[in-house]
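Trainee: Quick one: the structure is below, questions incoming.
The values are calculated or read from the model by the stated rules, or taken from the named source; none is laboratory data. Here the structure is a predicted model, which means the values were calculated and not measured. Here the Cβ positions follow ideal geometry from the backbone for every residue, glycine too, while neighbour counts run over all protein chains shown. Just so you know, the surface numbers come from the protein's heavy atoms only, side chains and all, with ligands and any DNA or RNA stripped out. Shrake-Rupley method; radii C 1.70, N 1.55, O 1.52, S 1.80 Å.
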Amino acid sequence: MSNRQLGRELLIAIKSVAGSPGPQLVIPVATPPIAFLRPVATRKEFLNPNDIHVLTIWRNRFVKAFLTEFQATEARTAKWLVEVVGPSDKKILFMVDDIYGRTFGYMGLDYIDWERGYGEADAVVRGGDAPRGTMKVALQVLLKWARGHLGLCEIGVRVKLSNMIALEFYKKVGFQEFKRVPLRKVVESDMIRWVEDPSIEKADDYLVYMLWKHKDG
């Protein structure tokens, strides 16, 4: 079994027990730890009410940062965790807790292509107070973990050009832009979607593609 096959099995196993009474994977951030990455439970019987609560609040607070804009509810968040995140072998979500167990953010991996060894940082949000630079270090730890334990040799991220704070954050983490694609705004009954449309000559917003250029190879 290849490293990427083992990585896929590891991701599935981590998600299957997240939130259960048994042993849990927790990834320390820095040495000594300044925070911990904790896998979000996605099985209905293990869902964490506080995780669902803060995921919902922060999704609404930063709704303009996402490619889909809608009013999140706790029921909708729980349904997304159970029906979308849980069954997928291409994504995983982590809460970011401080050393006292207080959750101040979340971040994940998505769009994993196991054959290619590619994945993307996704849903990186700080919703609570944390020491300056903690989210940066936490994401770098997650990316190194994904490379070393999941076998992902190439990691990217996509971010809206209008989200200048996020763009600067990802640059500090070590991402570099390699292309941008025009976005078209689609208004639906219950949400707004931003879809890529290369035919637009001058768009209201763009999707910036970036790749992680880690220092050690």
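Trainee: Which members of segment 165-195 meet the condition of being open to solvent by less than 80 Å² (accessible area, probe 1.4 Å) and among the acidic types (Asp, Glu)?
Mentor: Glu188
Trainee: Go through segment 47-71 and count every residue that is open to solvent by less than 40 Å² (accessible area, probe 1.4 Å) and of a type in the set (S, T, N, Q).
Mentor: Matching residues across segment 47-71 total 1.
Trainee: Taking Gly156 as meeting all but one of (1) over 22 Å from Leu37 (Cβ atoms); (2) touching a strand residue (DSSP E or B) at 6+ places or on another chain (Cβ under 7 Å); (3) outside any helix (DSSP H, G or I), write down the number of the exception.
Mentor: Here Gly156 meets the rest and fails (1).
Trainee: Scan segment 3-46 for residues that are surrounded by fewer than 12 Cβ atoms within 10 Å (Cβ to Cβ) and farther than 15 Å from Ala146 by Cα and jot them down.
Mentor: Pro21, Gly22, Pro23, Thr31, Pro32, Glu45
Trainee: Let me ask another. Going by the conditions given, is Tyr206 in contact with a Pro (Cβ under 9 Å, 6 or more places away or on another chain), open to solvent by 20 Å² or more (accessible area, probe 1.4 Å) and not in a loop (DSSP other than H, G, I, E, B)?
Mentor: Against the criterion (in contact with a Pro (Cβ under 9 Å, 6 or more places away or on another chain), open to solvent by 20 Å² or more (accessible area, probe 1.4 Å) and not in a loop (DSSP other than H, G, I, E, B)), Tyr206 qualifies.
Trainee: Is there a residue in segment 168-179 that is touching a residue at least 60 places away in the same chain (Cβ under 8 Å) and not in a helix (DSSP H, G or I)?
Mentor: No.
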